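J.: Can you keep this structure in mind? I'll have questions shortly.
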Amino acid sequence: MKRPDWFLLGMGVAVALAWLFPDAGAKGGRLHPELINKLGVSLIFFLHGLTLSFDALAAGTRKWRVHALVQASTFLLFPLLGLLLLGVAGSRLEPPLRTGLFFLCALPSTVSSSVALTAAARGNVAVAVFNATLSSLLGVVLTPLWLSLVQGTSSRALPLGSVVLDLTLWLVLPLVVGQAARPLLGKWAAAHKARINVVDRLTILLLVYTSFCDSVKGGVWSQGAAPLAIAAVVSALLLGVALVLTWLAGRALGFAREDRIAALFCGSKKTLASGVPMARLIFGAQPGLAVILLPIMLYHPLQLVVGGWLAGRLARRG
């Protein structure tokens, strides 16, 4: 009899714990998720710095066709789907929900879960690292640009310097330190690659738990039946379309399996960590800010749960 996948069981446990004990894992809780999430991500990047040769990292940055597909999915496919959605819905959606759905489509990809899921699925981690970082930087410009073009939003200047500093401190620096430590610890890391994969998966479970804690504490599930149902259905549709199209496009372009996996996860993700501060800067203290954030608050845990399930399947097939 086949044993159940501990990772899938762990996702169910993480969601259940978030419902039962949301205070600990929500922002400002005693687990300090804003810090431990970053530490977990830094550990992942340090370990991948140990396991990836410099040649592999350099080769990953040169795969411009894969990068073009990922960034086109993030900043072109999603916004076009958002425009189609707004055109079909017309005036039937309340203005804050319309804004929130398009804001979701205009956001950049995630960094932590894109890399962790790619690693768990045995994809090209170097490609994932490059694209996730590039997406975060591009999003500082392209997200408010899309919003101003479509919504007429008067966007405020976003803190590019703090974004670059954050990425450097928590992602690039651990990767560089891992690369520098390869002569001493590289053989150990290669011998314990399975355990490093467990660290990736545990970090994903931590992100699932804290994101559900935030959504429970933020009252996402008490916004009313209609906006909640609409945001949930649209989020599921957007995620499904992005996953299918990025996978099929990677196959049509003849990408290797590892590159298709990286494109699948990087091109379908949307960031909550950058989305919330972006929304507060762009929309200010609008009364409908909670509804504007509703789609990304639902999309974020959904992409982690679906992505975790997909990563398990892809890893087994690989």
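Where a number appears in this text, it was derived from the coordinates with a stated rule and is not lab data. As the structure is a prediction and not an experimental result, all values here were calculated from the model. Positions of Cβ are generated from backbone atoms using ideal geometry, with glycine treated the same way; all protein chains shown enter the neighbour counts.
J.: Give me Ser235, Ser211 sorted ascending by neighbouring Cβ count inside 10 Å, so fewest comes first.
T.: By the 10 Å Cβ count, ascending: Ser235, Ser211.
J.: Using the Cβ atoms and a cut-off under 13 Å, what net charge is assigned to the surroundings of Gly275, where Lys and Arg are +1 and Asp and Glu are -1?
T.: So the environment of Gly275 carries a net charge of +2.
J.: If the elastic network links every pair of Cα atoms under 10 Å, which of Gly40, Gly139, Gly288 fluctuates the most in the Gaussian network model of the chain?
T.: Gly288
J.: Starting from one equal scatterer on each C-alpha and no solvent at all, send me the Debye-based log10 I(q)/I(0) for the stretch 248-318 at q = 0.21, 0.24 Å⁻¹, two decimals.
T.: Each listed q corresponds, in turn, to -0.90, -1.03.
J.: Given springs between every Cα pair under 10 Å in a Gaussian network model of the chain, which of Leu43, Leu239, Leu167 has the largest fluctuation?
T.: In the Gaussian network model the winner is Leu167.
J.: Convert 20 °C to kelvin, take the viscosity as 1.002 mPa s, use the Kirkwood radius over C-alpha pairs of the stretch 51-158 as Rh, and evaluate the Stokes-Einstein diffusion coefficient in µm²/s, rounded to a whole number.
T.: Rounded, D is 141 µm²/s.
J.: Over the chain, what is the relative contact order in percent, taking alpha-carbon pairs closer than 8 angstrom and at least six residues apart?
T.: 34 percent
J.: What residue among Ile261, Ile230, Ile292 has the largest mean-square fluctuation in a Gaussian network model of the chain, using Cα springs under 10 Å?
T.: Ile230
J.: Quick one: how many lysine pairs does the chain have with C-alpha atoms less than 25 Å apart and a gap of 8 or more or different chains? Give me the count, please.
T.: Lysine pairs meeting both conditions in the chain amount to 14.
J.: If Lys and Arg each add +1 and Asp and Glu each add -1, what is the summed charge of the other residues whose beta carbon sits under 15 Å from the beta carbon of Leu238?
T.: Overall, the nearby charge balance is +3.
J.: Related question: Return the distance in nm (one decimal) between the two label points of a simple spin-label model at Leu167 and Lys187, each offset 7 Å from Cα along Cα→Cβ.
T.: That separation, rounded to one decimal, is 3.7 nm.
J.: Round to the nearest 0.05 the FRET efficiency obtained for Asp23 and Leu202 when R0 = 22 Å and r is the Cβ-Cβ distance.
T.: So, using R0 = 22 Å, E works out to roughly 0.55.
J.: Using the Kyte-Doolittle scale, which helices in the chain average at least 0.5 and also have C-alpha atoms spread 18 Å or more along the helix axis, with helices defined as whole DSSP H runs?
T.: The answer, listed by residue number, is 6-20, 33-51, 125-150, 193-217, 225-252, 289-317.
J.: Rounded to a whole number, what is D in µm²/s for the stretch 12-94 from Stokes-Einstein with the Kirkwood radius over alpha-carbon pairs (37 °C, 0.692 mPa s)?
T.: This corresponds to a translational diffusion coefficient of 189 µm²/s.
J.: A further question on this structure: Using 0.36 nm times the number of residues separating Leu302 and Glu34, minus their current alpha carbon distance, what extension gain do you get?
T.: Going from the current span to full extension adds 94.5 nm.
J.: What fraction, in whole percent, of alpha-carbon pairs in the stretch 29-310 exceed 30 Å separation?
T.: Distances greater than 30 Å cover 27 percent of the Cα pairs.
J.: For the stretch 289-318 and the stretch 30-60, what is the centre-to-centre distance using only Cα atoms, to the nearest Å?
T.: 20 Å
J.: Pop out the Kirkwood hydrodynamic radius of the stretch 173-300 from its pairwise C-alpha distances, inverse of mean 1/r, in Å to one decimal.
T.: 17.8 Å
J.: Tally Lys/Arg at +1 and Asp/Glu at -1 over every other residue whose Cβ is under 12 Å from the Cβ of Ile292; what's the total?
T.: With Lys, Arg at +1 and Asp, Glu at -1, the net is +1.
J.: In addition: What percentages, rounded to whole numbers, describe P(r) for the stretch 172-219 computed over all alpha carbon pairs with 5 Å bin width beginning at zero?
T.: 5, 18, 14, 18, 16, 10, 9, 7, 4, 1
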